[in-house]
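K.L.:
My structure is below; once you've seen it, I'll send some questions.
Where a number appears in this text, it was derived from the coordinates with a stated rule and is not lab data. For clarity, every value in this text was computed on a predicted model and none was experimentally measured. Cβ placement follows ideal geometry from the backbone for every residue including glycine, while neighbour counts extend to all protein chains displayed.
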Amino acid sequence: MLKIGVLASGRGSNFQAIIDEIEKGTLPAKIEILIVDNPKAYAIERAKKHGIPYVFINPKEFSTKEEFYEKIRDELLERGVELVILAGFMRIVKKPLLEAFPNRIMNIHPALLPSFPGLHGQKQAVDYGVRISGCTVHFVDEGIDSGPIIIQAAVPVHPDDTEETLSERILKLEHKIFPEAIRLFAEGRLEVIGRKVKIKNYELPDVFFTNPKIR
Ligand code: GRF
């Protein structure tokens, strides 16, 4: 069973999608800990409901970002975590955590990287006028949404879309590809070669491309 640690800052719907897959028996992993940087994160309620241990680590209690990440690293290592999941964790990960988990931290971003990194990927896509957007699961490196790409899913962008309507369409696929990427990791099927991720014996399921008529 792959031991995972989840970092979140807010709503935690991706955290929930991962919990659901584990509880269904379709994801061979165990969530050892949820770490939040925000005591009001709704993700905490989800952890409580599903009997998952959680801890709030207050970034304000540390004089440097490095010390904050050292504390997070120690919490994860103490619990034997093998893979770290950033599920809506709204911070840039720093060296102490990156070095402890090389190519073992995954993030989900609500755009087709390398387009629209950073905050509000969905709004950036709407404002730019692209016809297709989507979401990306990638390994985390020291940059902003710049690490090796694991899987992506595409959705159409309609002329009348707003940030909200596009976000909702993308989120449905986020909830599919994030657990899928973790499953591939758990099965030992991901190999990072330079900036590319090789997936062993893999065929992309149809679900990663929504029908353009779907709204
Ligand atoms: C998602 O849109 C994800 O792509 C981005 O932050 C949001 C988190 O949502 N990284 P939730 O907290 O998982 O509901």
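K.L.:
Would you compute, from DSSP H runs of 4+ residues alone, the mean residue ellipticity of the chain at 222 nm, taking -39500 (n - 2.57) per run and dividing by the full residue count, rounded to the nearest 500? Could the numbers behind the result be given before it?
P.N.:
Values: 6 runs with 71 residues, N = 215.
Computed ellipticity for the chain at 222 nm equals -10000 deg cm²/dmol.
K.L.:
Taking the Cα centre of the range 8-73 as the origin, how large is its charge dipole in debye, to the nearest 20, when only Lys and Arg (+1) and Asp and Glu (-1) carry charge on their Cβ atoms?
P.N.:
Values: 11 positive and 10 negative charges, 40 e Å.
Taking the Cα centre of the range 8-73 as origin, the dipole is about 200 debye.
K.L.:
Here's something else I'd like to know. Could you calculate the contour length gain from ARG195 to ILE132, that is, 0.36 nm times the residue separation minus the distance between their Cα atoms, to one decimal place in nm? Intermediate results must be reported in sequence, preceding the final value.
P.N.:
Values: separation 63, 0.36 × 63 = 22.68 nm, distance 2.36 nm.
That pair, ARG195 and ILE132, stretches by 20.3 nm at full extension.
K.L.:
Can you tell me what the convex hull of the Cα atoms of the range 107-215 projects to on average, as an area in nm²?
P.N.:
Values: hull surface 26.9 nm².
Orientation-averaged projected area of the Cα hull: 6.7 nm².
K.L.:
Can I ask one more? Compute the distance in nm between two label points, each set 7 Å from the Cα along the Cα-to-Cβ direction, one at ILE144 and one at THR26.
P.N.:
It works out to 3.4 nm between the two label points.
K.L.:
Evaluate E = 1/(1 + (r/R0)^6) for SER13 and ILE92, where r is the Cβ-Cβ distance and R0 equals 25 Å; express this FRET efficiency to the nearest 0.05.
P.N.:
Values: r = 22 Å, r/R0 = 0.86.
So, using R0 = 25 Å, E works out to roughly 0.70.
K.L.:
Oh, and also: Under 19 Å from a point placed 7 Å out from the Cα of ALA154 along the Cα-to-Cβ direction: which residues of the range 100-115 have their backbone N that close?
P.N.:
Label zone hits: 109-115.
K.L.:
Using a Cα-Cα cut-off of under 25 Å, which lysines could be cross-linked to LYS200, ignoring same-chain neighbours fewer than 8 residues away?
P.N.:
Straight-line reach from LYS200, under 25 Å: LYS3, LYS24, LYS30, LYS176.
K.L.:
Test of the criteria: in the range 71-133, which trypsin sites (Lys or Arg not before Pro) are in a DSSP loop and have at most 10 other Cβ atoms within 10 angstrom of their Cβ?
P.N.:
Working: sites: LYS71, ARG73, ARG79, ARG91, LYS94, ARG104, LYS123, ARG131; in loops: ARG79, ARG91, LYS94, ARG104, ARG131.
Answer by residue number: ARG131.
K.L.:
Along the charge dipole of the chain, Cβ charges K/R +1 and D/E -1, which of LEU98, LEU119, ALA47 sits furthest on the positive end?
P.N.:
The Cα lying farthest towards the positive end belongs to ALA47.
K.L.:
Can you compute the FRET efficiency between ARG79 and THR165 using 1/(1 + (r/R0)^6), with r the Cβ-Cβ distance and R0 = 45 Å? Round to the nearest 0.05.
P.N.:
Working: r = 39 Å, r/R0 = 0.86.
With R0 = 45 Å, the Cβ-Cβ based efficiency is 0.70.
K.L.:
Around PHE62, what is the net charge, scoring Lys/Arg as +1 and Asp/Glu as -1 over all other residues with Cβ under 10 Å from its Cβ?
P.N.:
Working: positive: LYS60, LYS65, LYS71; negative: GLU61, GLU66, GLU67, GLU70.
For residues surrounding PHE62, the net value is -1.
K.L.:
Along each principal axis of its Cα atoms, how long is the range 1-101 end to end? Whole angstroms, biggest number first, please.
P.N.:
41, 27, 19
K.L.:
Which value, in Å to one decimal place, does the Kirkwood hydrodynamic radius take for the chain when every pair of different Cα atoms is included? Could the numbers behind the result be given before it?
P.N.:
On the way: mean 1/r = 0.0569 Å⁻¹.
Kirkwood radius, the chain: 17.6 Å.
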